[in-house]
Amino acid sequence: MNFFQKVIAVISKFLPLWIIVCALIAYIIPEFFTSIRNLTSLALGIIFLLMGMTLSIESFISVIKKPKFAFIGVSIKWIISVGLSVILAYIFFTNEPDLAAGVILAGSVSSGTSANLYSLIAGGEVALSLSMATIDTIISPLLTPILMQFFAGKFISIEFWSLFLNIIYVVFIPLFLGLFIKWKWGNKVEVITPYTSVLSMLALFIVVLSVVSNAQQSLQDNLNLLPIIFLTVFLQVTIPMFTGYFIARLLKISETNCRAILFHTGICNTALAATLAMQHINSIAAVPAVANMIVNLTMGALVANLFKYKFQITSKAETFLS
């Protein structure tokens with residue numbers, strides 16, 4: 001393993017720690033990141049562009065041939081994640097409309113790209129994970145604005161079309177541009193494929209630094225609410241994660257597919273949620289998304305490693321668990 005690969009491995013292994021470090025640095029010296037505060041959408045667009053360039057054609061074919069499990073996973077994710085987020089917002093933040101809207105937004109976006117990585121580590125079906133992520137990304141530009149207007153609109157005013165177009169620009173266009181580039185120049189794309197993961201992580205760090213530095217004053221003014229915010233997002237991540245897994249088990253879906261559904265259901269793209277909150281609500285509404293990002297990366301890593309080292313899948317176990 002060369003030096004660059006070692007660096008990537010260290011960044012990947014301790015990603016939640018680096019997210020926390022970035023958030024703390026941005027909070028302590030927010031003025032240092034003034035120059036990148038307008039780069040959140042660009043950084044997020046780069047993540048989706050790289051995602052499109054690394055998606056396999058096989059994952060699309062698998063959806064077409066066997067769409068059942070992908071649609072089950074996507075349905076579970078949107079029903080459980082959104083429903084629970086609305087309940088938590090009403091329970092904990094009825095008197096804090098911006099935070100309530102932020103919580104709902106954090107649970108009403110597409111799945112996070114780290115769900116694919118954690119599915120791989122946990123021995124889950126990566127093709128299914130990628131398929132669900134693709135469907136999620138395609139439907140989220142329409143679903144997210146509708147859900148936000150219907151549920152969060154009770155707390156604050158939500159502009160449907162501006163939110164819809166923003167997701168199209170930040171998510172939809174970069175993703176399919178990446179797919180087109182891979183289809184048109186597949187051999188050349190292979191050259192940069194080894195670097196896509198580290199580039200995506202660097203873009204994620206930019207999102208965290210810009211969002212937290214922007215929200216620093218709001219965070220400082222609401223430090224007393226941080227414990228309840230983290231409790232809320234902990235429930236927002238863990239309950240859908242394990243509910244999705246056990247629903248899949250009850251439906252007699254194979255263990256590898258259950259694990260992919262677990263991460264897809266529990267991990268939302270909170271980097272996108274934070275960016276949308278900053279642009280369409282305000283800085284304080286982005287706080288639940290940033291907190292959720294820290295929690296879902298940490299919990300995802302813990303659960304993935306638990307599956308990898310304590311509950312490895314053997315052919316016999318797979319048959320039994322199916």
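Readers should treat all values here as calculations from the given coordinates under stated rules, not as data from a laboratory. Just so it is clear, the structure is predicted and the values come from calculations on it, not from any experiment. All Cβ positions, glycine included, derive from the backbone under ideal geometry; neighbour counts span all protein chains shown.
When the Gaussian network model of the chain links Cα atoms closer than 10 Å, the mean-square fluctuations of Asn296, Asn305, Asn222 top out at Asn222.
Does segment 1-159 classify as rounded, prolate or oblate by the C-alpha gyration tensor (a ≥ b ≥ c root eigenvalues; a/c under 1.5 gives rounded; else a/b over b/c gives prolate, otherwise oblate)?
Oblate shape, in that a/c is at least 1.5 and b/c is the bigger or equal ratio.
Using only DSSP helix segments of four residues or longer, with each worth -39500 (n - 2.57), what per-residue ellipticity at 222 nm results for the chain after dividing by its residue count and rounding to 500? Kindly include the intermediate steps, with their values, before the conclusion.
Numbers: 18 runs with 250 residues, N = 322.
Per the formula, -25000 deg cm²/dmol.
On the principal axes of its alpha-carbon atoms, segment 124-191 has extents of 49, 29, 14 Å, going from largest to smallest.
Anything over 25 Å Cα to Cα? Flag those among Lys77/Lys252; Lys13/Lys308; Lys65/Lys252; Lys66/Lys182; Lys77/Lys184, in the order listed. Intermediate results must be reported in sequence, preceding the final value.
Numbers: Lys77/Lys252 17 Å; Lys13/Lys308 14 Å; Lys65/Lys252 20 Å; Lys66/Lys182 23 Å; Lys77/Lys184 33 Å.
As for pairs spanning more than 25 Å Cα to Cα, those are Lys77/Lys184.
The H on the amide N of Cys268, modeled in the peptide plane, is under 5 Å from the matching H of Gly112, each at least 5 residues off or on a different chain.
For the chain, the membrane-span-like helix rule (DSSP H, alpha carbon extent of at least 18 Å along the helix axis, mean Kyte-Doolittle at least 0.0) picks out 15-28, 40-54, 68-92, 126-151, 196-214, 226-250, 287-310; this says nothing about an actual membrane. Of the residues Glu125, Glu31, the one with the fewest other Cβ atoms within 10 Å heads the list, and the complete ranking is Glu31, Glu125. Computed about its Cα centre, the charge dipole of the chain is approximately 960 debye, with only Lys, Arg, Asp and Glu carrying charge at their Cβ.
Arranged from fewest to most other beta-carbon atoms within 10 Å of their beta carbon, Val191, Val198, Val208 become Val191, Val198, Val208. Please state the shape class of the chain: rounded when a/c is under 1.5, otherwise prolate if a/b exceeds b/c and oblate if not, all from the C-alpha gyration tensor. Since a/c stays below 1.5, the shape of the chain is classed as rounded.
State the extension gain, in nm to one decimal, for the chain segment bounded by Phe180 and Gln279, taking 0.36 nm per residue of separation less the distance between their alpha-carbons.
Working: separation 99, 0.36 × 99 = 35.64 nm, distance 2.82 nm.
Working it through step by step, the gained length comes to 32.8 nm.
Computed across segment 233-314, the Kirkwood radius stands at 13.6 Å (inverse of mean 1/r, all Cα pairs). Counting every other Cβ atom within 10 Å of each residue's Cβ, Arg259, Arg37 order from fewest to most as Arg37, Arg259.
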